[in-house]
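Have a look at the structure below before the remarks.
The values are calculated or read from the model by the stated rules, or taken from the named source; none is laboratory data. Note that this is a predicted model, so its numbers are computed, not measured. Here the Cβ is made from the backbone with ideal geometry for all residues, glycine too, and neighbour counts use every protein chain on show.
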Amino acid sequence: MTDQRTSSTPAPPRPKSSILSSLGRLAAGNRRALFPLLALVLILLGNWLISPSFFSIRVVEGRMLGSIIDIFNRGAPTVLLAIGMTLVIATKGIDLSVGAVIAICGAVAAVLISTTDLSPYVVMLLSVGAGILCGLWNGILVAIFDIQPFIATLILMVVGRGIAQLITEGQIAVFNNPTLEFIGKGTLFGIPFAIILTAIVFVIVYLFIRRTALGLLIESVGANARASYYAGINARLITLMVYVISGICAAIAGLIITTDIKGADANNAGLWLELDAILAVVIGGTLLSGGRFYLALSVIGALIIQSIQTGIFVSGLPPTFNLIVQAVVILAILFLQSEEFRRPFVRAWNRMRKTA
Amino acid sequence: MRSRAFPLIATFVVFVALYLIGYQRFPAFGTTRVIANFLTDKSFLGIAAVGMTFVIIAGGIDLSVGSVVAFTGVFCALAIGRLGMHPLVAFAVILLIGAAFGAIMGAVIHFYKIPAFIVTLAGMFLARGGAFVLSQESLPIEHSFYELIGDLYYVFPDRGRLTFVAVLFVVVLVVGIVIAHFTRFGRNIYAMGGSRESAANAALLLGVPIGRTTIMVYTLSAVLATLSGIVYSLYTSSGYPRAAVGLELDAIAAVVTGGTLLTGGVGFVAGTFVGVMIQGVIQTYINFDGTLNSWWTKIVIGLLLFLFIIIQKVLTSYRGTFTFRLIPGLSRRAAESKTSASPP
Amino acid sequence: AHAQDASGAGLTIGFAQVGSESAWRTAFSDAVKAEAEARGINLLFSDGQQKQENQIAALRSFIAQGVDGIILAPVVETGWDDVLQEAADNSIPVVVVDRNVTADESLFVTRVSSDFVHEGRLAAAWLVQATAGKCDIVELQGTVGSSAALDRQQGFNEVIALFTDMQIIASQSGDFTRTNGKEVMESFLNSIDPATICAVWAHNDDMLIGAIEAMKEAGIDPGQDILTISVDAIPDIFKAMMDGDANATVELSPNMGGPAFDAIVAAINGETLPRWIPVAGGIYFPDTAAEEYARRGGQ
Amino acid sequence: MRQRVRPFTGRQTGLPYAELVGEKMTVQKNTPLLQTQNLTKRFGSVQALSGVDFNLYPGEVHAVLGENGAGKSTLIKLITGVYRRDAGEILLEGKPIDPQSPHEAQALGISTVYQEINLVPTMSVAENIFLGRQPRRFGFIDMRAANARARALLKTYHLDIDVTRTLSTFSIAVQQIVAIARGVDMSAKILILDEPTASLDAQEVQMLFTVIRALKARGIGILLITHFLDQVYQISDRITVLRNGERVGEHLTAELPKMKLITLMLGRELLSETESSGAERAAVGDAGGAFLRTEGIARRGMLQPIDLSVARGEIVGLAGLLGSGRTETAQLIFGVARSDAGSVQVKGRKVAIGSPRQAVQHGFGMCPEDRKVEGIIADLSVRENIILAMQAKRGWLRALPARKQEEIAQQMIAALHIVTPDSSKPAGELSGGNQQKVILARWLASQPEFLILDEPTRGIDVGAHAEIIHIIKNLCAQGMALLVISSELAEVVDYSHRVVVLRDRQKLTELTGEDISEDNIMRAIAEQ
Ligand SMILES: Nc1ncnc2c1ncn2[C@@H]1O[C@H](COP(=O)(O)OP(=O)(O)OP(=O)(O)O)[C@@H](O)[C@H]1O
Ligand SMILES: Nc1ncnc2c1ncn2[C@@H]1O[C@H](COP(=O)(O)OP(=O)(O)OP(=O)(O)O)[C@@H](O)[C@H]1O
Ligand SMILES: [Mg+2]
Ligand SMILES: [Mg+2]
C-alpha cells in the first residue's frame, strides 16, 4: 500500500519505509519530516565540531567502530521501544512498562541459557514470548478492564522489575553463549547486528501496520474511540495488539541490552528508558493525545536522543551538566518544531525578503 | 440516581477496607502513631499530589515535581547554610523561583503548543540538573528555625505525633479542595480538561481564558512542588540533589488511584488524599510485615495497587454492562441511568 | 534494659536497606539476613527503593512497632536527625551501616562501615605503583551525586594529585551499571586515541565489566593494553581477572551484619562502643582471583 | 420642570430634529450594533470568506444563510475571535474591536451559541450554564444558587431535568437546549445562534422563538444561522446570503420570496421536490420480505419492549418527540447497547447483535445522531472517514488498496456534493453540513443491506437536503431497507412507507399508507 496522503494543509503524509525515503521527502519539501531531520543533522554537526573524529569510522577485526556507529548501536533499544511506543501512543495510550519488560525478557533469556540446555534460538523465542505475555497483560488491563493506560502499565513497571529480580535473584545473571551474544555483540558485514536487527524489526512493523489496515484503524481508534466503535471497528483487538507489539519490541530491546553485556541486570536494564522512548515519539511529531502517528519520525526522534547522549560523552563535559545539556538541547528542538515559535521569525524573514 | 461523588466514596471505602485488613493483622495499625505517621511521612508527596491533581484535571501532566523538590532542598540548604538567609526568607525566595518556573512551563505549553509531557520532562531535567550544579553532595541544614519546626508537634496519648508538616499537608489539601470546587479558576480548570477532547476546544468557545488558566495551573503545581520541597527539607533537615527521584510517578499514581481521570476534566482533590493514604497503608503494611525481600516488595506493591484498582473499577461501574465499559467515554452517556422523562 | 544474650537471639530488629540497585547491594542484604537467621534474630527487612523518604517511613514503622533495635543503611548521609531523635525518644538503639550519617552522634549507637574515601586512595595507590606514577587515566564515575562516587573520586584524586604525571584525561558517569559503563568506554575509545590511555578507573566493578566488553570489541586487550582498577570485589570481577581482563579490585565488604547485631546487643546491655567500627576491605589481584571467585560463590 | 431641559436640536448631532425625537428605532437603525467590513479569511487553499460586509442592528433578527461550507460559521468565529481574520474590520457600536478570544468577545457583550454543541461534557448542566460567571458568595462559588437558577432558567424552555447531572448523560437535543439557554442568558448586546434548532422539534423551536422575540424587544441584536427556511420567514427581519465565502445579498425578509432566496443561496434552481405518493407507498409494502424483525427488544431504563420490522426496499420512519426513545431504539438494534429482552431476526434468522461490529457484519449501517462524538473522526482525512466502515467490515488484515480508497472517496464526494478541496483534508476541518455528508458517505460506501439514519439531515442545507432525501429514496428503490429518524415530520411523511410513533420509550402505533400525515402523527403522539 503506497501512501498517497498528501495534503494542502499542514497535514501529514506519512513517512515511508526508511530513513532514506524520509530524506527524499525532505527534498520534496515535506514540513513534518523537515524539523526532526534538521535537528538530527544539527546535533550531529554540533558533535562533529566538538569532536572532529565524530564521523570517522575505523574497522577493527571486521567490526566498524566510531561514534556514528555508536549512535545507531546504542540507540537501537530506544529505537525499538519508540516503534512500539508510537503505536501505543497513537491509540491514546502509553506504555510505562517497557523498561521493566526489558529487564524481564533479559532475565528470562539469561537464566534460561545458563541453567538449562535449551537451544539459544528457543531461548530467544521464550524471551520474546515473555514480552508478548507482558504486552497481553497490559493490553488486557487497558482494553478489557478499561483501566487508564498510564496506571495499567505503571503496575507492570513496578511489578516487572520485581519479577525480573526474582528471576535473577537480585544478581546480574551472566552467561556465555556465542549464538545468543551475537544479538548484542555480533556484527554482520562489519555492522553491529543490533542495528541490522532493529532495522529489520522496523521494516516488519512498518509493513505489518501499513500493508494491513491496522495503521488506519489504530489512528481511527486513537482519534475517536467512540466513533470508531460505531463504525464497527474492534477497538479492543486493536488496543490489545498495539500493547503486544510494544511488548515484543521491548523484548527484543531486552535481548540486545542483555546480550551486549552478557548479563541480565534486573535492576538497571532499561531503567527510565520508557521516558526516552516517549520523548522520541513526541519529537517525531506523534501527539500524546492519539490519532495520527509517524513511525519513521519516531525512529529519528530516538536517534536524536542518542546523538545528544553520545555528544555529551565525547564532549568531555563534567557529568554534572549532563541533564542540563539534555534539557536545553531537547527544548531547542521542540521550539524549532513549534510553528507558533517560528512564526515571528518567518514573518521577519518574509519582511526582509520583501524589502530587499 | 447516582451521585457524582460516587467514585470518590468507592475509593474511600476500598481504602478503609485495606486499612482494616492491615489492622486485623497488625493491631498497631490502630494507634495514632501509625495514623499520624501516614500524614507525616506522606506530607510532601501529598502536597505535590494536590498540585498534580489540578494539572491532571486540566488535562495536562507535570513530570518536574520530583526534581523541583530536590532543587528546592538544595537551594534552601545553600541559602541558609552558605548565604546565611533566614529560612523564611529562603522559603519566600524559592517559592517565587518555583512560581516563575511553573509559569514559564505553562507559558511554553500554551503559546508554543508543545505537549506538557515534554515541556515538564525538560523541566524535570533542568531542575534536577540545576540541583546538581548547585551541589553534588547532600547538605545538612542546621538552623534553630528548623529545630523549632521539628519540635512543633502534638503528641497523642499513645505517643503518636501530629507534626507541623502533617498539619501543613492537611491545610494544603483543604485549600486545594476549596480552589477546585469553589472558585472560578478551579471550575475553569475542570472545563479546560473536560473539553480537551473536542476538536474545537469547547472551553475556549465558552469563554474560559485558556492561556491564563494554563499558566496558572502549572504555576500552582510548581508552587506546591516547591512547598513540598520545603516540607521535604524540613522533614529531613537537609538538601539532597538526588532526593525525590520518581516522586512525580508516585504523585500521579496517587491522583489516579484517587479517581481522577488522566484524560482530564474529572476528579477530586479529596480523592488524591485517599490515593496518597493508600500508598501509605501499602508501604506501612509491607514494613510491618518485614519478611519481603527487595523484589517481593516491588511485586507486592504493584499487585496491591492492581487489586485496588480492580476493586475500584468493579465498584464504580456496577451498573453499566460490560460492553459499555470497553469503549472509553461510551460508558458515561449510555450506561448511566436515564430517568424516563415526560415530553414537554 | 535487661541483659541480652550476646547472639541477640529472640530480638526483633528492623533493617532499613537502601534498595536492590546493584548485585553488591543484594549480596549485602542476603548477608545480613543470613546472619540474623543464624543468630535467631527476628529481622524486619525494609527495601527503601533508593529513596530516603521510604527509609524514614520504614524507621518510623519500626518505631511504631516497638522493635528492639534498628539497623540503618542510609541512602544518603544527611537528614536523619528527626527520625533518629524519635528512635532515641523511644529508647531504640540504632546502628548505622555502610555509609555515614551527619546526625548528632548521640542519636545512634555506632557506625559499621568501610571508608569510601579510603577505597579511592587504595585504588590510586595501586595504580601509582603499577605505573610508576605516570599514567593517563579515564574515569568511570558512579551515579552523579551518590556518596560512593563522590568519596571514591575524592580519595583517588587526593593521591594522584601528588604525582604530576598522573592525570584523569576523561571522566564520565556510568551510573554504576554495566550497560552504561560499556557505552561510556566506547565513546572514550572513539574520542581519545586508545593508545594514549594507560588505565581505566571505575567506581565499581560492574561499570568496569561493561568497559572490558567495550575494549575487547575495539580490539584492545584490557588488563594488558589498558590497566584496570575498580571497587567492590564482586564475583564477576574475579572471573574477569582469571580471564586476564582485570588487574585489581578494592573490596567493599558486604559482611556488616554481624558487627551491627553485636553493636545492638551491646547497646541494649548498656555497654559503650567505639563511634566507628570499620570493616576490613583489602585490594585483590589476579593471583588470588580463582580462590576468591570460588569463595564468593561464583559458579 | 420639563421645560427646563434644553430642547434637542439637530445641530448637536447633525441629524434632523424630527428623526431624533420621533422614532427611536430610526436612530438605532442608522448605527449598526455590529458591523463587519471586508472580512476575509483563508484556510490553506480554501477561501472561506472574502470581503464580507455585514450589519446587525439593535432589536433585529438577522438571518445569515448559505449552503454548507458557504462560510457562515467562519464569519461568526472571526467576529468572536476564535480565528484571526486575514483582513477587514469589526465594529461594535461604531467602534472598532478586535477580540482575541471568545472570552474577550463575551466581555464585549457578544454571546454565542456555536454550531456544534460546545459545552463541557464532563461537567454538570448547571455548571455549563454558569461557567465563568458563577454566582458567588463571599468570593466563593455558590453552587446551590447556580443550580437553582439553572433549574429556573431551563423551566422557561420546559426542560425539567436534574441540573446537577453530568451533561454528557443527556441527549443531544437536551444539550442543545442547555447551550441555547446559556447563550441567551448571557446575551448583553448581541446574541449569535449558529444552527440552534438543528436537533430540536417543532415545539422546542417555538419556545426558542418566544425567547428570541423577548430579547428582540429588549433591543438585543440577534444573528441567526439556520437551514430551516420556514423558520427564517417566521422569525427573521433581514437576511444576508453567503455563497462561497462572498456576500451575495442583503434583503429584508419580507421582500425576498423563498424561491428567490434558494436561488440566491445555491446559485441555481433547486432540484424539483419530487414524487412521493400514497400509491407508490402501497406498491412497496412488504414486497421484499422483512429484512429485520425485532420482537420485544428492550432494555431496562432505556426502552420498553418494541416490535419492529423493516422490509427490503422499505423506509420505516420513527417519529416522536424528544426523549421518546427513537435514538434508543436505533442503538438497541445496532448493538450499541445490548438489549436485555426480546429477539432480533435478520432475513428470518434469529441473530444476536451485541456490538456495532456484529451489526455491520450482518449488513447493517447507522449514521448516528451525534456526529461530532459518534460520527466524524476529525483527525482523519475525508477519504479515510469515508472508507472506514467498509474497511472495518473487511477486517484489519485486508486493507483496501489506496487507489480503490481514492476511487470510492471521489465517487462519494461527487455523489453527495461534499465541499472539500480534496479527499485528504482532515474531516474535522469541513463545515458542519459537509461532515454530516461524509458520515452518510461512510455508510453508503460500506454497501449495507439495512441502514439506520438518525437525523440524517441535521445541519444540511436546502440543496443538500433535497439531494439526501433523493438518495434515501433511491437507496430504497434499489432494495435497501431503511429506518429513518427525523425530527422534521414533513420529511418523515415524505419518504416513509410506514411510520412508527413512539412516546415515553414505547411504541404507540404504526401508520401505513394513506394514514401517514403530519396530523395523524401529531394526533397519535398527543393521544393519551
Ligand atoms: N479550521 C478550519 N481549517 C480549514 N478549513 C476550514 C476550517 N474551518 C472551516 N474551514 C473551511 O471553510 C469553509 C467554510 O466553512 P464554514 O464552517 O464557515 O461553513 P458553514 O457555512 O458554517 O457551513 P455549514 O452550513 O455546513 O455549517 C469550508 O470549506 C470549510 O471546509
Ligand atoms: N423535555 C425533556 N425533559 C426532560 N428530559 C428530557 C427531555 N427531552 C429529552 N430528555 C432526556 O433526554 C434523554 C434521551 O432522549 P433522546 O433525545 O435520546 O431520545 P430520542 O427519542 O432519540 O430523541 P431525539 O432523537 O429526538 O433526540 C431522555 O432520557 C431524557 O432524560
Ligand atoms: Mg457552520
Ligand atoms: Mg435522538
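Some notes on this structure:
- D:Ala179 vs. criteria in a helix (DSSP H, G or I) and within 16 Å of ligand 2 (Cβ to nearest atom): yes
- Helices (runs of 4 or more DSSP H) wholly inside the stretch A:202-295 containing at least 3 residues that are of a type in the set (S, T, N, Q): A:235-260
- If you go through the stretch D:44-66 and keep only what is near ligand 1 (Cβ under 7 Å from one of its atoms) and touching a helix residue (DSSP H, G or I) at 6+ places or on another chain (Cβ under 7 Å), you end up with D:Ala48, D:Gly66.
- In this structure, D:Ser431 qualifies as among the hydroxyl-bearing types (Ser, Thr, Tyr), away from chain A (no Cβ under 14 Å), crowded, with 23+ Cβ neighbours inside 10 Å and away from ligand 4 (no atom under 16 Å from the Cβ).
- When the stretch D:96-126 is limited to residues that are among the β-branched types (Val, Ile, Thr) and within 14 Å of chain B (Cβ to nearest Cβ), the one that is nearest to D:Ser187 (Cα to Cα) turns out to be D:Ile110.
Rundown of residues vs (1) among the hydroxyl-bearing types (Ser, Thr, Tyr); (2) under 21 Å from A:Leu141 (Cβ atoms), yes/no style:
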residue	(1), (2)
A:Val159	no, yes
A:Ala173	no, no
A:Asn176	no, no
A:Leu180	no, no
A:Thr187	yes, no
A:Val221	no, yes
A:Tyr229	yes, yes
A:Ile261	no, no
A:Asp265	no, no
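- Number of residues in the stretch C:89-116 that are hydrophobic (A, V, I, L, M, F, W, C) and either surrounded by fewer than 17 Cβ atoms within 10 Å (Cβ to Cβ) or touching a Phe, Trp or Tyr at 6+ places or on another chain (Cβ under 7 Å) (or both) equals 5.
- Filter pass, D:Pro96 being touching a helix residue (DSSP H, G or I) at 6+ places or on another chain (Cβ under 8 Å), more than 16 Å from ligand 1 (Cβ to nearest atom) and of a type outside the set (A, V, I, L, M, F, W, C): no
- Residue in the stretch C:173-196 that is of a type in the set (A, V, I, L, M, F, W, C) and away from chain A (no Cβ under 14 Å) present: no
- Pick from the stretch D:130-152, criterion free of Cβ contacts under 8 Å to residues at least 12 places away in the same chain and in contact with a Pro (Cβ under 8 Å, 6 or more places away or on another chain), ranking: nearest to the other protein chains (Cβ to nearest Cβ): D:Ile141
- Test: residue in the stretch D:454-463 that is within 14 Å of chain A (Cβ to nearest Cβ), within 16 Å of ligand 2 (Cβ to nearest atom) and touching a helix residue (DSSP H, G or I) at 6+ places or on another chain (Cβ under 7 Å): yes
- For the stretch B:189-208, residues that are at pLDDT 90 or above, touching a Ser or Thr at 6+ places or on another chain (Cβ under 8 Å) and at the interface with chain D (Cβ under 7 Å from one of its Cβ atoms) total 1.
- Subset of the stretch D:147-176 [farther than 16 Å from D:Pro121 by Cβ and part of a helix (DSSP H, G or I)]: D:Asn147, D:Ala148, D:Arg149, D:Ala150, D:Arg151, D:Ala152, D:Leu153, D:Leu154, D:Lys155
- Among the residues of the stretch A:255-284, those identified as within 12 Å of chain C (Cβ to nearest Cβ) and over 27 Å from A:Ile43 (Cα atoms) are A:Thr258, A:Thr259, A:Ile261, A:Lys262, A:Gly263, A:Ala264, A:Asp265, A:Ala266, A:Asn267, A:Asn268.
- Filtering the stretch D:317-365 to residues that are more than 9 Å from every other protein chain (Cβ to nearest Cβ), outside any helix (DSSP H, G or I), β-branched (Val, Ile, Thr) and touching a Phe, Trp or Tyr at 6+ places or on another chain (Cβ under 9 Å) leaves D:Val346, D:Ile353.
- Filtering the stretch D:153-179 to residues that are more than 11 Å from every other protein chain (Cβ to nearest Cβ) and within 16 Å of ligand 3 (Cβ to nearest atom) leaves only D:Gln176.
- Within the stretch B:233-268, if we keep just the residues that are in a loop (DSSP other than H, G, I, E, B) and at the interface with chain C (Cβ under 8 Å from one of its Cβ atoms), the residue that is surrounded by the fewest Cβ atoms within 10 Å (Cβ to Cβ) turns out to be B:Gly246.
- A:Val328 meets each of the listed conditions (1) facing another protein chain (nearest Cβ under 7 Å); (2) surrounded by fewer than 17 Cβ atoms within 10 Å (Cβ to Cβ); (3) modelled with pLDDT of 90 or more apart from (1).
- Meets criteria (on the phi < 0 side of the Ramachandran plot, surrounded by fewer than 22 Cβ atoms within 10 Å (Cβ to Cβ), hydrophobic (A, V, I, L, M, F, W, C) and at pLDDT 90 or above) for D:Leu242: no
- The stretch D:49-89, residues that are within 14 Å of chain B (Cβ to nearest Cβ), within 10 Å of ligand 3 (Cβ to nearest atom) and in contact with a Lys or Arg (Cβ under 7 Å, 6 or more places away or on another chain): D:Thr74
- For the condition free of Cβ contacts under 8 Å to residues at least 60 places away in the same chain, more than 8 Å from every other protein chain (Cβ to nearest Cβ) and either surrounded by fewer than 24 Cβ atoms within 10 Å (Cβ to Cβ) or touching a helix residue (DSSP H, G or I) at 6+ places or on another chain (Cβ under 7 Å) (or both), B:Phe185 qualifies.
- Residue within the stretch D:398-406 that is surrounded by fewer than 24 Cβ atoms within 10 Å (Cβ to Cβ), more than 9 Å from chain A (Cβ to nearest Cβ) and either under 23 Å from D:Glu467 (Cβ atoms) or within 13 Å of ligand 1 (Cβ to nearest atom) (or both) present: no
- Inspection of the stretch D:414-424 finds a residue satisfying the criterion of being away from ligand 1 (no atom under 11 Å from the Cβ) and assigned to a helix (DSSP H, G or I).
- Residue in the stretch D:181-193 that is nearest to D:Gly325 (Cα to Cα), counting only those that are surrounded by 23 or more Cβ atoms within 10 Å (Cβ to Cβ) and within 16 Å of ligand 3 (Cβ to nearest atom): D:Leu193
- Given (1) of a type outside the set (A, V, I, L, M); (2) away from ligand 4 (no atom under 16 Å from the Cβ); (3) under 13 Å from D:Ile468 (Cα atoms), index of the condition D:Gln436 fails: (2)
- Residue in the stretch D:115-135 that is in contact with an Asp or Glu (Cβ under 6 Å, 6 or more places away or on another chain) and either within 26 Å of B:Thr183 (Cα to Cα) or within 16 Å of ligand 2 (Cβ to nearest atom) (or both) present: yes
- Condition broken by D:Glu93, with the remaining ones in (1) within 13 Å of D:Leu39 (Cα to Cα); (2) of a type in the set (D, E, K, R); (3) more than 10 Å from chain B (Cβ to nearest Cβ) satisfied: (1)
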